[in-house]
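Quick notes on the structure that follows.
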Amino acid sequence: NTDINNMKENDWVLYDTTATQIVFVPSHLVAAIDFRPILAEHIALKRKITVVCKEVEDLSKEFLGSYALDIGEGGVIAMARVNDGSFKGKGAVSLGIIIIDRAALAEMLDNYLPRYPRGNLAELLSEITKDKGSYTRYCHFYNGYARSIDSFQHYMDYSFELLNP
């Protein structure tokens, strides 16, 4: 659960662990992702925040409610907007998977929670990265199968898609 207040209430997960990185994965995503190479890249490049992204064929029909992304130089996420179906054509979307440095997340919750007391982790990161000199979100493109169950129709379509590869 990436609800900010829920994370703060259960912050023992941040402080009572030896893990240096935390991976958040949404429940509405259908994908078979090996996180080991993505995590290795995140650590090797000394990134604090990595968002796993995908290029989709039609933003007006896929990953509705997810974040449509503008990716800048070096894989930096320059802009994130909720995909309300009004975007046309190909584009990058967040899969909702966030890899984040544990110490950085603890610092963010301590420093930013009073300013952004509601919302979820993606919204918090969007606000934090607007602050000059704070954290940068990087995109890692995933090229495998991934579907977002964002409607009953997509649930049906993607279920049959999996049954008839």
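Picking from ALA40, ALA80, ALA44, which residue would you name as being crowded, with 17+ Cβ neighbours inside 10 Å and either closer than 19 Å to GLU127 by Cβ or at pLDDT 90 or above (or both)?
Exactly one of ALA40, ALA80, ALA44 is crowded, with 17+ Cβ neighbours inside 10 Å and either closer than 19 Å to GLU127 by Cβ or at pLDDT 90 or above (or both), namely ALA80.
Would you confirm, using the coordinates I've provided, whether ALA92 is surrounded by 14 or more Cβ atoms within 10 Å (Cβ to Cβ) and outside any helix (DSSP H, G or I)?
For ALA92, the condition - surrounded by 14 or more Cβ atoms within 10 Å (Cβ to Cβ) and outside any helix (DSSP H, G or I) - is met.
Applying the selection to the range 88-102, what residues are touching a strand residue (DSSP E or B) at 6+ places or on another chain (Cβ under 6 Å) and without any contact (Cβ under 8 Å) to a residue 60 or more places away in the chain?
GLY91, ALA92, VAL93, SER94, listed by residue number.
Applying the selection to the range 44-77, what residues are among the hydrophobic types (A, V, I, L, M, F, W, C), under 14 Å from the mean Cα position of the chain (by Cα) and assigned to a strand (DSSP E or B)?
Matches in the range 44-77: ILE49, VAL51, VAL52, CYS53, ALA68, LEU69, ILE71, VAL76, ILE77.
Being over 17 Å from CYS53 (Cβ atoms), of a type in the set (Asp, Glu), touching a residue at least 12 places away in the same chain (Cβ under 8 Å) and surrounded by fewer than 18 Cβ atoms within 10 Å (Cβ to Cβ) narrows it down to one of GLU127, GLU107, so name that one.
Only one candidate qualifies: GLU127.
The values are calculated or read from the model by the stated rules, or taken from the named source; none is laboratory data. Remember, predicted model here, so these are calculated numbers, not experimental data. When we count neighbours, we look across all protein chains shown, and the Cβ atoms used for this are built from the backbone with ideal geometry, even at glycine.
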